[in-house]
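Below is one structure, written out as structure tokens; the observations come after it.
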Amino acid sequence: KLSAQETTTAIEALGFPTLEFRLPDAAQYRVEPGVEVFFLEDHSLPLVSVFARFRGGPSYFSKDEQGATTAVPLLLRSGGTLDLAPDSVDALLDFYAAEMSFGGGGPSSSSSVNTLTRYLDDVLELWGSLLREPAFDSTRVEVWRGQQLESLIRQSEFPGRLAISKFNNLMFGDHPVGWEMGPEHLDPEDLAPDVLRQVHRKIFCWGNLTLGVTGDVTWDEIRPRLERLLDGWPACESDLEAPPPPTFAVAPGVYVLPRELDQSTIIMGKPSNVRLADDESYFAAQIGNAILGGAGLTTRLARRVRTEEGLAYGAASVWTTPARSRGI
């Protein structure tokens, strides 16, 4: 057996080659009607991935529209298209073994698709239909509404989730980042077809869109496919107005949310001036947070508090670094 001192000495004596990180060199293009595309060719596997990011999410809309703006990106996948019922979409995705994701939050909405190269044309056509021509099937809308209501009812049963939600609301106050969706935002009229389609038109238009493509395809092969995907896509009705940055008006102190539970969740936090930028403070914050508690069970907090001492099931750290405002 080696002593702790001998082990430390042995570790310090180990030699490693210089770590080099080569950032993938993505090309940047623009396709009609004027959408920016980031492209990275990679023929290591017969797969192609396409990513779409739309400027526009819940933070660009009023508090009363939180239900609809949260629902729209998620219902694009489950609600079918004008020509295909939801179960037909499911069957086609299973047949092509394609993966699709849809989501949104804060200032943006996004979607991605991953498919075998040989099915690229068919899958892109289906993906474009889901993004451009959603049906918002009434049954699927009601299912989603019921799931959200059930989640709100049971929120108090998940102390961690409840604590984070209340902490954000406390820190950001009456700002979109701190808003909490409640049952009052999920009334049937809040999720009516015309309301959902109005939100969809404001976000999912080509003026808000940025595309990314990577995989087993050349630019000459993917460009006409993207132009076909975008052909006839409507322009944005108007520019979405970004909300002002949060002010963090909360006073320092201890805030208690009593619950009849045999455990406690404690969150400590404060505003941070570090922002997403090509700056040494940003990289230092990311590395420091990963070491402290932001990278799972191997971090200092988890190792000491959970593994070695057994004082808590979970301990972690978070350091947010928005590009245009202060973080936490």
Pairs, first among the aromatic types (Phe, Trp, Tyr) in segment 265-280, second modelled with pLDDT of 95 or more and in a loop (DSSP other than H, G, I, E, B), C-beta under 8 Å, six or more apart: none
Segment 61-74: number of residues that are over 24 Å from Leu230 (Cα atoms) and touching a residue at least 24 places away in the same chain (Cβ under 8 Å): 8
Pair list, Cβ under 7 Å, 6 or more apart: segment 155-170 residue free of Cβ contacts under 8 Å to residues at least 24 places away in the same chain and open to solvent by 80 Å² or more (accessible area, probe 1.4 Å), other residue assigned to a helix (DSSP H, G or I) and of a type outside the set (Asp, Glu): Arg161/Gln155
Cβ-Cβ under 6 Å pairs, at least 6 apart or on other chains, segment 307-328 side under 15 Å from Ser264 (Cα atoms), far side part of a loop (DSSP other than H, G, I, E, B) and polar (S, T, N, Q): none
Count of segment 23-40 residues which are in contact with a helix residue (DSSP H, G or I) (Cβ under 9 Å, 6 or more places away or on another chain) and either part of a strand (DSSP E or B) or over 13 Å from Leu230 (Cβ atoms) (or both): 6
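Counting only residues that are open to solvent by 70 Å² or more (accessible area, probe 1.4 Å), more than 27 Å from Tyr96 (Cβ to Cβ) and not aromatic (Phe, Trp, Tyr), how many does segment 16-34 have?
To start, the set of residues in segment 16-34 that are open to solvent by 70 Å² or more (accessible area, probe 1.4 Å) comprises 16-25, 28-30, 32.
Within this subset, residues satisfying the condition of being more than 27 Å from Tyr96 (Cβ to Cβ) are 16-23, 25, 28, 30.
Now restrict to residues that are not aromatic (Phe, Trp, Tyr): 17-20, 22-23, 25, 28, 30.
Selection size over segment 16-34: 9.
What number of residues within segment 258-290 are of a type in the set (Ser, Thr, Tyr) and in a loop (DSSP other than H, G, I, E, B)? Steps first, please.
Start the filter on segment 258-290 by keeping residues that are of a type in the set (Ser, Thr, Tyr), which leaves 264-265, 272, 281-282.
From the residues that got through so far, the ones that are in a loop (DSSP other than H, G, I, E, B) too are 264-265.
Final tally of qualifying residues: 2.
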Given (1) under 30 Å from Val31 (Cβ atoms); (2) modelled with pLDDT under 90; (3) open to solvent by 100 Å² or more (accessible area, probe 1.4 Å), index of the condition Asp220 fails: (2)
Residue within segment 226-248 that is of a type outside the set (Phe, Trp, Tyr), at pLDDT 95 or above, in contact with a Leu (Cβ under 7 Å, 6 or more places away or on another chain) and within 25 Å of Gly178 (Cα to Cα) present: no
Filter result (crowded, with 19+ Cβ neighbours inside 10 Å and more than 14 Å from Asn114 (Cα to Cα)) within segment 35-56: Val35, Val37, Phe39, Phe54, Gly56
Test: residue in segment 267-286 that is of a type in the set (Ser, Thr, Tyr) and either open to solvent by 90 Å² or more (accessible area, probe 1.4 Å) or over 30 Å from Asp42 (Cβ atoms) (or both): yes
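Is there a residue being in contact with a strand residue (DSSP E or B) (Cβ under 7 Å, 6 or more places away or on another chain) and part of a helix (DSSP H, G or I) anywhere in segment 184-200?
Yes, that holds for at least one residue.
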Residue count for segment 171-183, restricted to those that are open to solvent by 50 Å² or more (accessible area, probe 1.4 Å) and part of a helix (DSSP H, G or I): 2
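The values are calculated or read from the model by the stated rules, or taken from the named source; none is laboratory data. Predicted model only: the values in this text are computed from it and were never measured. Note that each Cβ is placed from the backbone with ideal geometry, even for glycine, and that neighbours are counted across all protein chains shown. With ligands, DNA and RNA removed, areas are computed over all heavy atoms of the protein, side chains included. Shrake-Rupley method; radii C 1.70, N 1.55, O 1.52, S 1.80 Å.
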